[in-house]
Amino acid sequence: MITSAPSPRELLTIAVEVARDAAATAHRMRSEGVSVAATKSTVTDVVTAADRAVERQVLAALRDRRPGDAVLGEEYGAGETGPAAPDGVRWVVDPIDGTVNYLYGLPYCAVSLAAEVAGEVVAGVVRNVFTGEEWTATLGGGAWRDGRRLRCSAETDLGQALVATGFGYDAGRRSHQARVVTELIPHVRDIRRMGAAALDLCLAAEGRVDAYFEKGLAAWDLAAGGLVAREAGLLVTGVAGRPAGPDLVLAAPPALHGPLHTRLTDLDASGGP
């Protein structure tokens with residue numbers, strides 16, 4: 001059994017290999033036809049057979065490469081791996097982030113895989129299932145896509161910022177989030193809602209959107225994409241001094257973070273159901 005953690009670069013190498021194979025499986029299963037296997041929070045919050053198959057594949061691949069590590073996945077929770085040791089490695093996987101997009105054949109969904117050491121994310125990869133675009137990051141080693149180091153947007157005026165967000169599936173939460181967006185949109189360039197949090201964070205990392213916020217993200221939504229965003233220079237936080245988490249994730253360049261944080265706080269973006 002492995003008792004010591006390898007370097008972030010070594011963990012990233014494993015993550016990339018596993019995520020690429022997983023994305024290939026998801027792509028193949030989509031071409032063969034996709035079926036809804038279950039629902040989660042509401043009848044519109046679906047789980048496909050591919051979500052489960054891909055996560056099982058990732059679990060098996062990680063068990064083969066790192067049998068002593070823990071794994072937290074969206075579909076199977078802590079799975080069969082048990083808890084991580086205090087200074088051990090835990091992998092955090094979202095087998096298909098953007099499942100509804102996947103169900104409809106919209107090319108905006110991804111495999112997200114991150115490695116934590118002693119509770120801190122040190123390596124992560126996000127790979128678009130349809131396009132093959134791939135974002136990677138290591139703690140202190142920068143964020144990258146296709147050999148290019150990423151830097152976040154240099155926009156300084158919130159009124160000119162293109163801001164991405166997402167919505168939950170619970171009707172009450174969605175209503176609250178819609179009110180927040182309604183009040184925010186006069187103060188920004190525009191809003192984008194594309195349906196996959198990990199990819200939204202990666203687009204913010206390379207300035208294809210200027211900032212991103214969302215309430216209700218789980219660890220598997222945030223782990224890899226959040227590292228990519230931070231390593232590209234974004235501030236990734238919650239509100240009112242809290243860390244990024246289920247209450248709210250705000251990822252923005254330093255010049256936009258303060259003004260956007262103020263707006264979101266005033267609009268109670270972290271509130272509601």
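Overview of values
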read-out: Theoretical FRET efficiency, 1/(1+(r/R0)^6), r = Cβ-Cβ of SER175 and ASP87, R0 41 Å, to 0.05; value: 0.40
read-out: Residue-level accessible surface for VAL129, protein heavy atoms, 1.4 Å, Å²; value: 10 Å²
read-out: Solvent exposure, largest accessible area first (probe 1.4 Å, DNA, RNA and ligands not counted), of CYS152, CYS109; value: CYS152, CYS109
read-out: Surface share of carbon and sulfur [accessible, 1.4 angstrom probe, percent] for the stretch 88-173; value: 50 percent
read-out: Within the chain, longest stretch free of exposed GluC sites (Glu not before Pro) [DSSP loop, at most 14 other beta carbons within 10 Å]; value: 81-273
read-out: Euclidean distance between Cα centres, the stretch 95-114 to the stretch 230-273, Å; value: 24 Å
read-out: Å² per residue, accessible surface of the stretch 97-209 at 1.4 Å; value: 40 Å²
read-out: Average Cα contact separation per residue, the chain, under 8 Å, 6 or more apart, as relative contact order %; value: 17 percent
read-out: R0 of 41 Å, Cβ-Cβ distance ARG20-THR182: FRET efficiency to nearest 0.05; value: 0.55
read-out: Student exercise, the chain dipole from Lys, Arg, Asp, Glu Cβ charges, in Debye to nearest 20; value: 260 debye
read-out: Kirkwood Rh (inverse of mean 1/r, distinct Cα pairs), the stretch 138-254, angstrom; value: 14.2 Å
read-out: Cα long-axis angle, helix 171-184 against the chain (0 to 90 degrees, to the nearest 10); value: 50 degrees
read-out: Per residue, the convex hull volume that the Cα atoms of the chain enclose (Å³); value: 116 Å³
read-out: Label-point separation, GLU32 to ILE191 (7 Å along Cα→Cβ), nm; value: 3.9 nm
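The values are calculated or read from the model by the stated rules, or taken from the named source; none is laboratory data. Since this is a predicted model, take the numbers as computed values, not measurements. A quick note on method: Cβ atoms are made from the backbone with ideal geometry, for glycine too, and the neighbour counts reach across all protein chains shown. Only protein heavy atoms, including side chains, enter the accessible area calculation; ligands, DNA and RNA are left aside. Shrake-Rupley method; radii C 1.70, N 1.55, O 1.52, S 1.80 Å.
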